[in-house]
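Input: a single structure, listed below in structure tokens.
Here, each number is a calculation from the coordinates, and none is a lab measurement. What you are looking at is a predicted structure, and each value in this text was computed from that prediction instead of being measured. Cβ placement follows ideal geometry from the backbone for every residue including glycine, while neighbour counts extend to all protein chains displayed.
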Amino acid sequence: MLDSANEIIIKSWSHLCEEVYHNSWQPELGRYRTNYAFQGLSDKNFILRNGFKRNCGKHKELEYHMLRNFRKYARTTEPGLTKTQWQLLVLAQHHGLPTRLLDWTYSPFVAMHFATASTDKFDTDGVIWKVDFVKINRSAPQLLKKALDEEKCNAFTVEILEELIPDLKGFDELAGGPHAIFFEPPSIDDRIVNQYALFSVISDYYLDFEDILFKDPELYRKIVIPKELKWEIRDKLDQANINERLLFPGLDGLASWLKRHYLSRQDIN
């Protein structure tokens, strides 16, 4: 259950900026280097649930079949299709196939975008989940934690996972589970780069990410954006060029941005 002390209701734009950077000062470095990953949602009541569970329910066996057929029917020139299951999983998630991955970003402003992009949700409070991915990765099994120490990094990469665990079955069978980890995807296109993306995955596909977070209140903060502030935040993000034009390069992103940019506020109130 959510710890009420971990839910912060934003009162202003400046309050939001302060809150997403809360606890980001690293005194040993003398720098602001956050240990947090962010996810923005247009409705504060949305559950941190992966697409595979939403789509397929309790039919775990479908995970393998969906990935197998994604590989089989996709164009073989796509990078990642002929490589490991980890790369295939990233590619499938990136193109909209329901997988057990969850999308996150290192950028609090990208998370703000996703919390305020849907104008049909402007009558609903939004939310930004702020999660300490460093602590979560440091609670991984020793096999994985040792790899982070050797690489002197805080987030896993696909290459690290490929070397240690060949596939999801091997990940699921690690002792002491269930485990959650965050990893960085390969930079397969501008969208992943511009969204400053990383993914989370849990060794039990049926767990919601909130099941992991609620075990330890120190892992997260739930930052609620009241509906009354969404327009202001949205307009300031657009002026800062944090919008679909940047985050979804190409004509589709441009069209989405223009559609909202020229929308009359009175027409949806």
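For the chain, the longest principal axis of the alpha carbon atoms and the long axis of helix 62-73 meet at an angle near 90°. Take every Cα pair under 8 Å whose residues are at least 6 apart in sequence, average their separation, divide by the length of region 182-250, and the relative contact order is 37 percent.
For the chain, averaging the sequence separation of C-alpha pairs within contact (under 8 Å, six or more residues apart) and dividing by the residue count gives a relative contact order of 27 percent.
For 24, 107, which order do you get if you count the other beta carbons within 10 Å of each Cβ and list the fewest first? Intermediate values should be presented prior to the final figure.
Numbers: 24 13, 107 20.
Least to most surrounded, the residues fall as 24, 107.
Per-residue 3J(HN,Hα) values for region 201-207, derived from phi via the Karplus relation 6.51 cos²θ - 1.76 cosθ + 1.60 with θ = phi - 60°, read 8, 10, 6, 10, 4, 8, 7 Hz in sequence order (x marks Gly and Pro). Applied to region 111-121, the Karplus parametrisation 6.51 cos²θ - 1.76 cosθ + 1.60 on θ = phi - 60° returns per-residue 3J(HN,Hα) values of 4, 4, 4, 5, 6, 10, 6, 8, 5, 6, 10 Hz, with x for Gly and Pro. Each peptide among 218-228, 248-258, 122-132 gets the average number of other Cβ atoms lying within 10 Å of its residues, and from highest to lowest they stand as 122-132, 218-228, 248-258. Computed from Cα atoms, the angle from the helix 251-261 axis to the main principal axis of the chain rounds to 30 degrees. Using the Cβ-Cβ distance between residue 45 and residue 264 with R0 set to 35 Å, the FRET efficiency from 1/(1 + (r/R0)^6) comes to roughly 0.80.
Since only 73, 55, 29 are under comparison, the one whose Cα sits farthest along the positive direction of the charge dipole of region 16-76, derived from C-beta charges on Lys, Arg, Asp and Glu, is 73. Round to the nearest 10 and give me the degree value, 0 to 90, for the angle of helix 85-94's Cα axis relative to the longest principal axis of the chain. In the chain, helix 85-94 runs at an angle near 20 degrees to the longest axis. Distance from the Cα centroid of region 193-269 to that of region 90-146 is 9 Å (rounded to whole angstrom). The 3J(HN,Hα) values that the Karplus relation (6.51, -1.76, 1.60; θ = phi - 60°) gives for region 129-138 are, in residue order, 8, 10, 10, 6, 6, 5, 4, 5, 5, 6 Hz. Gly and Pro appear as x.
Grab the beta carbon distance between residue 83 and residue 61, set R0 = 22 Å, and tell me the FRET efficiency rounded to 0.05. If you can, show how the numbers build up before the last one.
Working: r = 23 Å, r/R0 = 1.05.
It comes out at approximately 0.40.
For the chain, DSSP calls about 80 percent of its internal beta bridges antiparallel.
With neighbour counts taken as other beta-carbon atoms within 10 Å, the residues 71, 100 rank, fewest first, as 71, 100. Listed options for Rg/Rh (Cα atoms, Kirkwood Rh) are (1) 0.96; (2) 0.93; (3) 1.02. The value calculated from this structure is the one marked (1).
Counting beta carbons within 10 Å around each of 25, 86 and listing the fewest first gives the order 25, 86.
I want the local charge near residue 49. Using Cβ-Cβ distances under 9 Å, sum +1 for each Lys or Arg and -1 for each Asp or Glu among the other residues.
On the way: positive: 53, 54; negative: 208, 210.
Every neighbour counted, the sum reads 0.
Hey, if you drop one equal point scatterer on each alpha-carbon of region 80-137 and run the Debye formula without solvent, what base-10 log of I(q)/I(0) do you get at q = 0.22 Å⁻¹? Summing over Cα pairs of region 80-137 leads to -1.00.
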